[in-house]
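First the structure, in the form of structure tokens, and then the observations on it.
The values are calculated or read from the model by the stated rules, or taken from the named source; none is laboratory data. From a predicted model like this one, the values you see are computed outputs, not experimental measurements. Heads up, the Cβs are rebuilt from the backbone with ideal geometry, glycines too, and the neighbour counts pull from every protein chain shown.
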Amino acid sequence: MAALAVMFTAILAAAPAPLQAASQVAEIMLSDQADAKGVVAQHQSKFSTSVGEIFGTALIAGAKKGQAVTTELFYVTRNLSILSSTDDLPNDGEVTLTFAFPKPDKGWPPGNYKLVISIAGGATKTVTFQVK
């Protein structure tokens, strides 16, 4: 799993949101399919061991430019942290973050996984999925 890397991109929403008290992860969606910008349209929670890439989209509400966002992927079945990536939010307001996890060299090990997205200041959201 050491060869697993994350690609992380930010896409700005069309209109900025009104000022909010705190940034929060409003939604996380995962899928084996994404549009040309890497955005996931519908969440899925089960993947095959042969899937080439798992795409993700996180919707951040009340974003503050420069605020750190950490994405962590865990292989729960073996209690392993697979990767962690931290990036800064590019703008204020509503921000859509996209990322992708490419298939490891030996394929995805079957089992349970957990993706945790945390914003500096305490806002955290978790989504779980399975590989079979």
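Of all residues in segment 117-129, those satisfying the criterion of being assigned to a strand (DSSP E or B) and surrounded by 15 or more Cβ atoms within 10 Å (Cβ to Cβ) are Ile117, Ser118, Ile119, Lys125, Val127, Phe129.
Are any of the residues in segment 70-88 buried (at least 19 other Cβ atoms within 10 Å of the Cβ) and among the basic types (Lys, Arg)? No - not one qualifying residue is present in segment 70-88. One residue stands out among those in segment 41-52 that are hydrophobic (A, V, I, L, M, F, W, C) and touching a residue at least 40 places away in the same chain (Cβ under 8 Å): the one that is surrounded by the fewest Cβ atoms within 10 Å (Cβ to Cβ), which is Val51. Criterion applied to Ser81, Ser31, Ser45 was being among the hydroxyl-bearing types (Ser, Thr, Tyr) and modelled with pLDDT under 95, and the one residue passing it is Ser81. Among the residues of segment 90-116, the one identified as touching a helix residue (DSSP H, G or I) at 6+ places or on another chain (Cβ under 7 Å), surrounded by fewer than 19 Cβ atoms within 10 Å (Cβ to Cβ) and touching a residue at least 40 places away in the same chain (Cβ under 8 Å) is Lys114.
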